[in-house]
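Engineer: Pasting a structure below so you can have a look.
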Amino acid sequence: MTVIAVMGVSGSGKTTVGTALAEELGVEYAEADSFHPPANIAKMTSGTPLTDEDRAPWLEAIAAWIRDHQKTGGVVTSSALKRRYRDVLRTGGEVWFLHLDGDRATLAERMKTRSGHFMPVSLLDSQLADLEPLEPDEPGRVFDIHESPAEIVEAGLAAFKERA
């Protein structure tokens with residue numbers, strides 16, 4: 001079965017959309033932040049962007065989760081900023097990307113108003129600089145974060161079901 005990876009920069013709504021998608025599909029949900037080693041969390045909390053080397057074990061752990069959910073399906077979040085990161089995730093099996101996209105001002109405002117998250121607004125620009133949009137040969141679709149989470153979930157499910 002295909003795993004849905006909800007991707008986008010911090011503040012795009014990955015957790016909100018991902019949990020709702022998993023609930024609608026009746027599959028397991030995994031939060032990408034739970035795959036980070038403590039050193040990555042500490043680095044981001046201090047305002048230091050992660051390097052490709054920092055992200056490598058995190059991406060491999062998410063790919064392993066995807067591999068473990070090929071029979072049952074699932075929904076996982078991941079910033080999946082670069083094509084090569086998405087390529088690593090696809091080593092786990094069949095993945096369909098739901099990319100949450102929006103403008104910097106909206107993302108920054110969301111990041112400022114949420115509580116209990118380690119990611120500072122100061123890292124948003126580095127994420128936006130690294131973001132490589134889905135390419136035509138990558139399975140998935142882009143959704144505007146200005147739509148409500150319910151609208152995104154509904155449109156995302158429709159796009160996911162018609163992908164074949």
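Engineer: Do we have any residue at all in region 133-146 that's basic (Lys, Arg) and under 15 Å from Ala32 (Cβ atoms)?
Structural biologist: Among the residues of region 133-146, not one is basic (Lys, Arg) and under 15 Å from Ala32 (Cβ atoms), which makes the answer no.
Engineer: Taking region 56-66 as the region of interest, how many residues are surrounded by 20 or more Cβ atoms within 10 Å (Cβ to Cβ) and either farther than 21 Å from Gly156 by Cβ or among the charged types (D, E, K, R) (or both)?
Structural biologist: Within region 56-66, residues that are surrounded by 20 or more Cβ atoms within 10 Å (Cβ to Cβ) and either farther than 21 Å from Gly156 by Cβ or among the charged types (D, E, K, R) (or both) number 3.
Engineer: Which is within 13 Å of Ile4 (Cα to Cα), open to solvent by less than 50 Å² (accessible area, probe 1.4 Å) and over 14 Å from the mean Cα position of the chain (by Cα), of Val27, Val121?
Structural biologist: Result: Val27 is the single residue among Val27, Val121 that is within 13 Å of Ile4 (Cα to Cα), open to solvent by less than 50 Å² (accessible area, probe 1.4 Å) and over 14 Å from the mean Cα position of the chain (by Cα).
Engineer: To continue, here is another question. Under 14 Å from the mean Cα position of the chain (by Cα), farther than 23 Å from Pro37 by Cβ and assigned to a helix (DSSP H, G or I): does that describe Leu100?
Structural biologist: no
Engineer: What do you reckon, is Asp144 touching a Gly at 6+ places or on another chain (Cβ under 8 Å) and charged (D, E, K, R)?
Structural biologist: In short, yes.
Engineer: May I pose another question? Looking at the structure I just gave you, is Asp125 part of a helix (DSSP H, G or I) and without any contact (Cβ under 8 Å) to a residue 24 or more places away in the chain?
Structural biologist: Answer is yes for this residue.
Engineer: Let me ask another. Can you tell me how many residues in region 90-125 are within 21 Å of Glu31 (Cβ to Cβ) and at pLDDT 85 or above?
Structural biologist: Residues that pass the stated criteria total 14.
Engineer: Can you name every residue in region 67-88 that is crowded, with 23+ Cβ neighbours inside 10 Å and in a helix (DSSP H, G or I)?
Structural biologist: Residue satisfying the conditions is Arg86 alone.
Engineer: Checking the condition open to solvent by 10 Å² or more (accessible area, probe 1.4 Å), in a helix (DSSP H, G or I) and in contact with a Ser or Thr (Cβ under 8 Å, 6 or more places away or on another chain), which residue from Thr15, Thr106, Thr19 passes?
Structural biologist: After applying the criteria, what remains is Thr15.
The values are calculated or read from the model by the stated rules, or taken from the named source; none is laboratory data. As the structure is a prediction and not an experimental result, all values here were calculated from the model. Note that we place each Cβ from the backbone using ideal geometry, even for glycine, and neighbour counts take in every protein chain shown. All accessible areas refer to the heavy atoms of the entire protein, side chains included, with ligands and DNA or RNA removed. Shrake-Rupley method; radii C 1.70, N 1.55, O 1.52, S 1.80 Å.
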